[in-house]
1. If the cut-off is a Cα-Cα distance under 16 Å, which aspartates and glutamates reach Lys97, setting aside same-chain residues fewer than 8 apart in sequence?
2. Return, ordered by residue number, the residues of segment 69-99 whose backbone nitrogen is under 15 Å from a label point located 7 Å along Cα→Cβ of Thr50.
3. Going by how many other beta carbons lie within 10 Å of each one, how would you line up Glu54, Glu75, fewest first?
4. Any idea what the alpha-carbon Rg over 2.2 N^0.38 Å comes to for segment 25-98?
Amino acid sequence: MSSRRLLCFSLLAGCALAQYQPPQTPVTFDGILKAYDKKFVIVETAPEQTVRLEVDRKTKLVDAQGKALKDPPQEGRQVAIDGRKRLNGVLVALTIKVL
């Protein structure tokens, strides 16, 4: 009987651990837009330093007032990007604000 309880407890604990996802790290970058594609964005944050972030279906393009943009931003524009770092280390853009 106790082995049955132990088995049930271990199954429940295993299911709970399988559903747990550690929090993902938020990131923010400000800089000049160097490249924009429907799969990635590259931002120059400092002279000779660039950051590449993936763009997915959840990525939103907004202007400085927070209104949605229909057209992609042009290269050379000042942008602020809020994103997150996935568990595998890949940076993903959540919001791209064109300033």
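Laboratory data are not the source of any read-out in this text; all were calculated from the coordinates shown. From a predicted model like this one, the values you see are computed outputs, not experimental measurements. So basically every Cβ, Gly included, is an ideal-geometry build from the backbone, and we count neighbours across all protein chains shown.
1. Asp30, Asp37, Glu44, Glu54, Asp56, Asp63, Asp71, Glu75, Asp82
2. Residues passing the 15 Å test: 75-77.
3. The fewest-first ordering by Cβ neighbours comes to Glu75, Glu54.
4. Working: Rg = 11.3 Å, N = 74, 2.2 N^0.38 = 11.3 Å.
Normalised Cα radius of gyration, segment 25-98: 1.00.
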